[in-house]
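Here is the structure we will look at, set down as structure tokens.
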Amino acid sequence: MKKQKKHGVFIKEGKFFNIKMIYNQGKKLYQYDFIPKKTYFKSPMINDFNQHLSGGWYIAEMPTEEDVKKQIFQRTIDRKKPFGVLCQNTLEEAKQYCKVAKLKGLFSEYQKREKGYQVILGQKGSLNDLFDLEALKKDYSAFDDIVQEIDAKKDKKLFEYIDKWDTELGAKLWETGLILGYPIENTLSLYYKDLNKIE
């Protein structure tokens, strides 16, 4: 009998932290070594599927960039993702995506890029309107600076991230992970990893 290839998200229990591994048809895409044993923050817009859509390492059921783009768009409309970025559209496509997003009650705009256009869309409201920030602060309690930042940015509207949604554009890692709908434990794992390096 042929052994079935690992596919999806797998958790390995550890003594102090768990390990989360993401596989695509037997190929390990990523491993998070410092997954907290417990997290408090929950939201229907925060999930592993959203992270599958990032950076080109999406799961096999979506083999093309077009499939990924449609998923990001639909999940944002369905309130399963807070914020979405669609790349390499024609001007006509970009305008159409924005039109539909606005009809569905989202904010949306398009920007000219070196190659084509970039459509940015998301939920209306502030971080405090959209997320349980008290629970989020409990998860980040080991990082005083982040807890202070969460308090300071609680009234920040999601549309204010249009030009600063990525860490390369000026957002903090916790902000980017939150607004793109990535699991809180994944982002926390990266912070704990850096903390472990220091210690």
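The values are calculated or read from the model by the stated rules, or taken from the named source; none is laboratory data. Worth saying up front: this structure is predicted, and the values here are computed from it rather than measured. Cβ placement follows ideal geometry from the backbone for every residue including glycine, while neighbour counts extend to all protein chains displayed.
Would you tally the residues in region 76-97 being part of a loop (DSSP other than H, G, I, E, B) and either farther than 24 Å from Gln51 by Cα or at pLDDT below 95 (or both)? Spell out how you get there, then give the answer.
So the first thing to find is which residues in region 76-97 are part of a loop (DSSP other than H, G, I, E, B), and the list is 78-82, 90.
Filter once more, keeping what is either farther than 24 Å from Gln51 by Cα or at pLDDT below 95 (or both): 90.
So the count comes out to 1.
Are any of the residues in region 38-50 among the hydroxyl-bearing types (Ser, Thr, Tyr), modelled with pLDDT of 95 or more and touching a strand residue (DSSP E or B) at 6+ places or on another chain (Cβ under 7 Å)? Reasoning before the result, please.
So the first thing to find is which residues in region 38-50 are among the hydroxyl-bearing types (Ser, Thr, Tyr), and the list is 39-40, 43.
In the following step, the residues that additionally are modelled with pLDDT of 95 or more were identified as 39-40, 43.
Applying the additional criterion that residues be touching a strand residue (DSSP E or B) at 6+ places or on another chain (Cβ under 7 Å) yields none.
No, there is no match, as no residue in region 38-50 is among the hydroxyl-bearing types (Ser, Thr, Tyr), modelled with pLDDT of 95 or more and touching a strand residue (DSSP E or B) at 6+ places or on another chain (Cβ under 7 Å).
What number of residues within region 166-187 are without any contact (Cβ under 8 Å) to a residue 40 or more places away in the chain, touching an Asp or Glu at 6+ places or on another chain (Cβ under 9 Å) and of a type in the set (A, V, I, L, M, F, W, C)?
2
Show the residue pairs meeting these rules: Cβ distance below 6 Å; 6+ apart or different chains; first residue within region 26-54 and in contact (Cβ under 8 Å) with a residue 24 or more places away in the chain and surrounded by 16 or more Cβ atoms within 10 Å (Cβ to Cβ); second residue polar (S, T, N, Q) and in a strand (DSSP E or B).
Ile35/Asn18
Within region 113-134, identify whether any single residue is touching a Lys or Arg at 6+ places or on another chain (Cβ under 9 Å), in a helix (DSSP H, G or I) and more than 30 Å from Lys193 (Cβ to Cβ), and answer yes or no.
Yes: region 113-134 contains one or more residues that are touching a Lys or Arg at 6+ places or on another chain (Cβ under 9 Å), in a helix (DSSP H, G or I) and more than 30 Å from Lys193 (Cβ to Cβ).
Look through region 155-165, keep the residues that are part of a loop (DSSP other than H, G, I, E, B) and in contact (Cβ under 8 Å) with a residue 24 or more places away in the chain, and return whichever of them is farthest from Gly181 (Cα to Cα). Walk me through how you get there before you give the answer.
Filtering region 155-165 for residues part of a loop (DSSP other than H, G, I, E, B) gives 155-156, 162-165.
Add one more test, that the residue is in contact (Cβ under 8 Å) with a residue 24 or more places away in the chain, and what stays is 155-156, 162, 165.
Details: Asp155: 18, Lys156: 16, Ile162: 15, Trp165: 12 Å.
Here the residue is Asp155.
Could you say which residue among Leu195, Leu173, Leu103 is among the hydrophobic types (A, V, I, L, M, F, W, C) and within 16 Å of the chain's Cα centre (by Cα)? Working first, answer last.
Numbers: Leu195 fails: within 16 Å of the chain's Cα centre (by Cα); Leu103 fails: within 16 Å of the chain's Cα centre (by Cα).
Only one candidate qualifies: Leu173.
Out of everything in region 4-21 that is at pLDDT below 90 and surrounded by 15 or more Cβ atoms within 10 Å (Cβ to Cβ), what residue ends up being farthest from Thr187 (Cα to Cα)? Give the steps one after another, and end with the answer.
Initially, region 4-21 is screened for residues at pLDDT below 90, giving 4-9.
Still in the list and also surrounded by 15 or more Cβ atoms within 10 Å (Cβ to Cβ): 6-7, 9.
Numbers: Lys6: 23, His7: 21, Val9: 15 Å.
Only one residue tops the list, namely Lys6.
Give the residue, chosen from Tyr192, Tyr182, that is of a type in the set (Phe, Trp, Tyr), surrounded by 15 or more Cβ atoms within 10 Å (Cβ to Cβ) and touching a helix residue (DSSP H, G or I) at 6+ places or on another chain (Cβ under 9 Å).
Values: Tyr192 fails: touching a helix residue (DSSP H, G or I) at 6+ places or on another chain (Cβ under 9 Å).
The conditions single out Tyr182.
Taking region 135-150, which residues are of a type outside the set (Ser, Thr, Tyr) and either on the phi > 0 side of the Ramachandran plot or surrounded by fewer than 13 Cβ atoms within 10 Å (Cβ to Cβ) (or both)? Talk me through it step by step, then tell me what you get.
Step one: list which residues in region 135-150 are of a type outside the set (Ser, Thr, Tyr), which gives 135-139, 142-150.
If the condition is that a residue be of a type outside the set (Ser, Thr, Tyr) and either on the phi > 0 side of the Ramachandran plot or surrounded by fewer than 13 Cβ atoms within 10 Å (Cβ to Cβ) (or both), then Ala142, Asp144, Asp145, Gln148 are the ones that fit.
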